[in-house]
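Chemist: I'd like to ask you about the structure that follows.
The values are calculated or read from the model by the stated rules, or taken from the named source; none is laboratory data. What you are looking at is a predicted structure, and each value in this text was computed from that prediction instead of being measured. Note: ideal-geometry Cβ built from the backbone for every residue, glycine included; neighbour counts use all protein chains shown.
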Amino acid sequence: MGRLLLAALVWVGLAGGAWAQVTPTIDVSVQVAGIDQNHGNATISTAGPNRIIVLFGAVDFGNTCSGGTTVTDTAALTWHRIDTSACSVKSQRMWWAFAAAQLTNDVITMTAVTSGVSSFPQGWIYALAGSGNTTAPFDASFLGAPRASSGNTTTTLTTTTVNDLILCGYLGPNNPPTGAGVITQDGTNFDQWYGHKNLTGTISGTTYQLVTDSGGSNECIALIGDVAPTGLSRLIQ
């Protein structure tokens, strides 16, 4: 009887069940603390495998743009830079990596490489679950789009995939951004502010504004969720 019921549920799930894009979830988020003038790090452990790790790194380049940032970790993940920030006095950098295995006490280190300048790197790290794409997990409308500026910083968000998870990092005062909708604060770090928003559907030209100092910048990214069954078909998962 039990097998017949399971078979019936599987048949209903495959034949008539709905499938939808689900919003990714935050497994854990932690602060990146400065450990010396050119390094910042954080230790992170995840609740399971297959996590997208996103690092926001705030760097003070002073009056030079001759250097850059690098990210390494003790689990030897492969890191990719995805921000669009031009080099300014204060820059927000974004890196991501895919962790196929569960992470336990992985030490992630960001290094700011500048010419004779103390950059004091700090920031925030997210471990995200529920992404259906481990090689290109971000909404294509965000990639390559200018998102950073100075002064009265306005971030304009447009998504093409439904139910994205938006992550934002602002380098300026510790004040939440204003605008349509609400970005939930996840943490602050000196003069930085970090938060997320779970989308329902898509957004087009939605703006969030934060008044930063003259050297401030911001970065946001949209993570695409996996396609999963809903309703009765979810019973077969």
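Chemist: Name the residue, out of A136, A100, A129, that is closer than 22 Å to V22 by Cα and at pLDDT 95 or above.
Modeler: A100
Chemist: Specify the residue that is nearest to G132 (Cα to Cα); the eligible residues are those in the range 9-29 that are part of a strand (DSSP E or B) and at pLDDT below 90.
Modeler: Across the range 9-29, the extreme among qualifying residues is Q21.
Chemist: Mind checking which pairs have a first residue in the range 35-49 that is touching a residue at least 24 places away in the same chain (Cβ under 8 Å) and a second that is of a type in the set (F, W, Y), Cβ under 9 Å, 6 or more apart or different chains?
Modeler: What qualifies is Q37/F120; N38/F120; G40/F120; A42/W124.
Chemist: Quick test for you: out of V107, V32, pick the one residue that is part of a strand (DSSP E or B), modelled with pLDDT of 65 or more, crowded, with 16+ Cβ neighbours inside 10 Å and hydrophobic (A, V, I, L, M, F, W, C).
Modeler: Among V107, V32, only V32 is part of a strand (DSSP E or B), modelled with pLDDT of 65 or more, crowded, with 16+ Cβ neighbours inside 10 Å and hydrophobic (A, V, I, L, M, F, W, C).
Chemist: Still on this structure, I have one more. Look at R51 and say whether it is closer than 23 Å to D186 by Cβ and modelled with pLDDT of 90 or more.
Modeler: yes
Chemist: Here's something else I'd like to know. Does A58 satisfy being at pLDDT 80 or above and either crowded, with 22+ Cβ neighbours inside 10 Å or under 16 Å from the mean Cα position of the chain (by Cα) (or both)?
Modeler: no
Chemist: Quick one: in the range 173-193, of everything that is under 22 Å from P121 (Cβ atoms) and hydrophobic (A, V, I, L, M, F, W, C), which residue is modelled with the lowest pLDDT?
Modeler: So, considering only residues that are under 22 Å from P121 (Cβ atoms) and hydrophobic (A, V, I, L, M, F, W, C), the one modelled with the lowest pLDDT is F190.
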